[in-house]
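Input: a single structure, listed below in structure tokens.
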Amino acid sequence: MVAEFIALAAASKEAEWLRNLLYDVPLWLKPISPISICCDSEATLAKAYSQFCTNSIRLSFSTSNDGLMLKQIQAVHVPDGRAIDVRPLLHIVEDILSFAAPSGDAIVETGKQATGTEAFQHQTNYQTNITDMLETLSFLIDRISIEMARKCSETREEHATTMSILSMVSNYPWDAKLVIALSAFAVNYGEFWLLAQCYTSNQLAKNLAILKQVPGILQHSTMLKSRFDTIKDLITAMLDIAKCLVEFKEIPSNYVTEDVAAAVSAAMDHIPVAIYWTIRSMLATASQITGLSGSENEFLSSLESWELSSSVHKLSTMHSHLVGLLAICHKQIDERKFIEAYQNLQYLFNAAQIDNIKVLKALINPKDDPLPLVDGTNKKRVSVDVLRKRNVLLLISDLDILQDEVVILQQIYEESRRQSNSLDQNPYELVWLPVLDSSVSLSKIKQRIFENLTATMTWFTLRHPSLLNRAVFKFIKEEWGFEQKPIVVVLDPQGRVTCSNAIHMMWIWGNLAFPFTIAKEDALWKAETLTLDFLVNGIDPVILKWISEERFIFLYGGEDIEWIRNFTHTVKTAARACGIAMEMVYVGKRNPKENIRRNMAIINEEKLSHCLPDITAIWYFWIRIESMWNSKHQLGKADENDPTTQEIMTLLSYDGGEGSCFNNLLIVGAIFSLLLAIDILWRGD
């Protein structure tokens with residue numbers, strides 16, 4: 001009979017494997033018909049259906065029709081309409097199951113687990129109603145845990161026990177049924193492993209462990225390692241099913257479109273059966289723990305391990321199917337939320353506001369992070385309320401913002417702080433919003449770049465780029481015209497946009513342009529003339545000193561160091577011949593690179609001429625000229641008849657050539673005789 005029994009068990013295992021394979025085939029007709037296994041030995045069949053062997057092979061002989069099973073489950077589903085949020089309870093269950101012995105390796109060193117502090121350091125933010133909910137459910141959870149322990153140790157009738165548990169929770173919603181049953185399982189499972197982890201260091205736990213034969217079980221921990229690993233996988237699968245059901249329950253009713261409703265309906269066709277098999281897997285796991293103290297032979301242990309593995313596969317398959325349906329729901333809901341969030345931003349910026357908080361929260365904190373900002377002065381996280389009723393400048397850029405831009409903005413920002421020492425508060429606050437595609441996860445390299453940038457900024461920064469959702473990303477691009485270059489959007493204390501890009505004003509006038517409105521920009525241009533001191537103000541005090549001494553000043557650029565040597569020699573020779581006091585200044589080129597830095601070093605070493613102080617000053621010199629044109633264009637005054645615009649375009653044209661006097665020379669206050677002398681010497685005539 002033993003040989004026939006082994007053959008019957010192997011056939012059952014093969015049949016179950018084939019059934020699971022067919023279940024995974026998308027086009028295979030569902031539900032799958034029952035699989036019949038024939039046996040000509042009455043003694044073997046009697047043993048197979050006996051109480052003794054039910055726990056080992058019952059799963060193999062219970063491949064009943066899922067449609068029939070669904071009818072039985074729905075017959076005991078009589079919800080009374082009570083609303084219950086089981087997510088806090090699920091958090092507790094997940095903690096219990098995660099702190100219990102995770103694998104055979106952990107059991108060998110139970111003393112170390114008992115003395116560890118990570119369990120005590122773990123914190124979970126449970127909802128405030130958890131106490132009231134547990135007062136309501138504690139008696140039911142206790143009843144189910146007793147039912148699980150009694151049935152597993154006595155009758156081991158898993159199907160009957162599963163239906164009995166479903167009857168106990170008949171008045172609850174589907175997600176609550178499973179979480180309550182999982183809580184009861186966690187009570188028994190957690191108690192067992194609590195004794196296993198503490199019995200070596202606690203006398204009370206030691207005595208209780210002896211009564212439950214825990215030390216004897218742990219003596220065979222190495223031999224039982226594979227089974228414990230399988231139990232761990234099965235518990236993970238059970239938790240995954242529970243989490244998935246809770247997510248289905250939490251789908252907002254106002255977002256249930258036709259597509260979402262269809263996905264939810266398809267899920268409901270599978271959820272009852274998934275709950276049944278999850279509870280049945282709890283019973284199988286509980287039976288394994290209960291039976292560890294017995295003297296089961298190797299053959300039964302092999303069947304038990306196979307039963308657990310089969311349950312893992314079954315639950316994982318069901319979970320994958322439910323996750324697919326849940327993904328369809330989330331996709332549709334996310335699209336609706338995206339449209340609503342974008343429309344809400346448009347409404348907020350067009351409606352009158354008492355202050356700027358609603359606008360800023362919609363922009364900076366759409367995910368309700370209590371502390372979404374980092375104060376650059378002390379690197380501590382702060383809430384959006386620190387910006388309430390303040391003039392706020394939003395620095396919007398990607399991670400490719402130049403270090404030169406950060407350095408110059410830093411100087412402007414710190415100058416505003418020094419100027420406000422006599423005032424009650426600073427004139428404005430600057431906030432960096434790193435705009436990245438939210439659909440692409442942040443790589444380690446980009447994360448490091450983000451951290452390095454925030455480390456150099458003394459103003460407020462967003463805690464993480466992921467806080468800006470897709471709607472904010474679209475709004476910034478479409479409403480404020482952000483592409484790649486940084487922009488500064490100015491919001492007044494009521495959250496109104498007073499300038500969609502004030503960065504040009506900041507490059508040209510710095511804090512003199514405050515409050516950075518279009519009207520202020522227009523007034524500054526009306527009072528301004530394009531002179532050399534205006535071009536270099538705040539860049540090089542040496543040049544300003546020469547201007548006050550009424551010296552002639554040549555500004556030149558280029559990248560060819562040989563051309564620079566020849567040109568500076570020619571200009572100096574002509575100046576001496578004409579008896580004119582003159583200075584030359586090397587201004588490099590726009591977007592200076594390493595070769596410009598090398599040229600500056602050679603020019604200073606050979607004393608060919610004066611250079612702007614550093615590479616950042618060269619960048620700032622050219623970006624100011626470019627910003628002047630952009631500012632005029634923003635005001636609608638960048639026409640060819642405007643004299644200032646013509647001079648700005650002429651200045652920008654000097655950045656174009658290489659090795660040419662006329663492409664690399666800007667002359668301010670020169671006289672005709674000097675020009676003639678330079679021309680004669682340069683041409684070699």
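Checking every residue in region 558-581 against the condition of being closer than 25 Å to Ile408 by Cα and out of contact with any strand residue (DSSP E or B) (no Cβ under 7 Å at 6 or more places or on another chain) gives at least one match. Condition check for Trp509 on (1) surrounded by 21 or more Cβ atoms within 10 Å (Cβ to Cβ); (2) closer than 24 Å to Pro434 by Cβ: one failure, at (2).
Scan region 616-639 for residues that are acidic (Asp, Glu) and assigned to a helix (DSSP H, G or I) and jot them down. Listed by number, the list holds a single entry, Glu626. The criterion of at least 1 residues that are touching an Asp or Glu at 6+ places or on another chain (Cβ under 9 Å) and closer than 28 Å to Asp334 by Cα is met by the following helices (runs of 4 or more DSSP H) wholly inside region 459-535: 470-480.
If I ask for residues that are at pLDDT below 85 and over 49 Å from the mean Cα position of the chain (by Cα), which ones from region 584-609 would you list? Hits for region 584-609: nothing passes. Exactly one residue among Leu399, Leu345 is buried (at least 16 other Cβ atoms within 10 Å of the Cβ) and not assigned by TED's automatic domain parsing to the domain that holds Ser438, and that residue is Leu345. Would you please name the residue that is nearest to the chain's Cα centre (by Cα), looking only at residues in region 473-496 that are closer than 15 Å to Leu395 by Cβ and either modelled with pLDDT of 95 or more or surrounded by 18 or more Cβ atoms within 10 Å (Cβ to Cβ) (or both)? Step by step, filter region 473-496, then rank; the result is Ile476.
For the structure I just gave you, tell me whether Arg598 is part of a loop (DSSP other than H, G, I, E, B) and more than 27 Å from Glu550 (Cα to Cα). No: the conditions fail for Arg598. Under the condition of being touching a helix residue (DSSP H, G or I) at 6+ places or on another chain (Cβ under 7 Å), among the β-branched types (Val, Ile, Thr) and at pLDDT below 75, the residues counted in region 7-40 number 2. Counting residues in region 539-551 that are in contact with a Phe, Trp or Tyr (Cβ under 9 Å, 6 or more places away or on another chain), in contact (Cβ under 8 Å) with a residue 60 or more places away in the chain and farther than 18 Å from Leu360 by Cα gives one or more. Met238 satisfies every condition listed in (1) under 20 Å from Ile180 (Cα atoms); (2) buried (at least 19 other Cβ atoms within 10 Å of the Cβ); (3) modelled with pLDDT under 90 except (3).
The values are calculated or read from the model by the stated rules, or taken from the named source; none is laboratory data. These numbers were taken from a predicted model, which means no experiment stands behind them. Quick reminder, even Gly has a Cβ in these numbers, built from the backbone with ideal geometry, and neighbours come from all protein chains shown.
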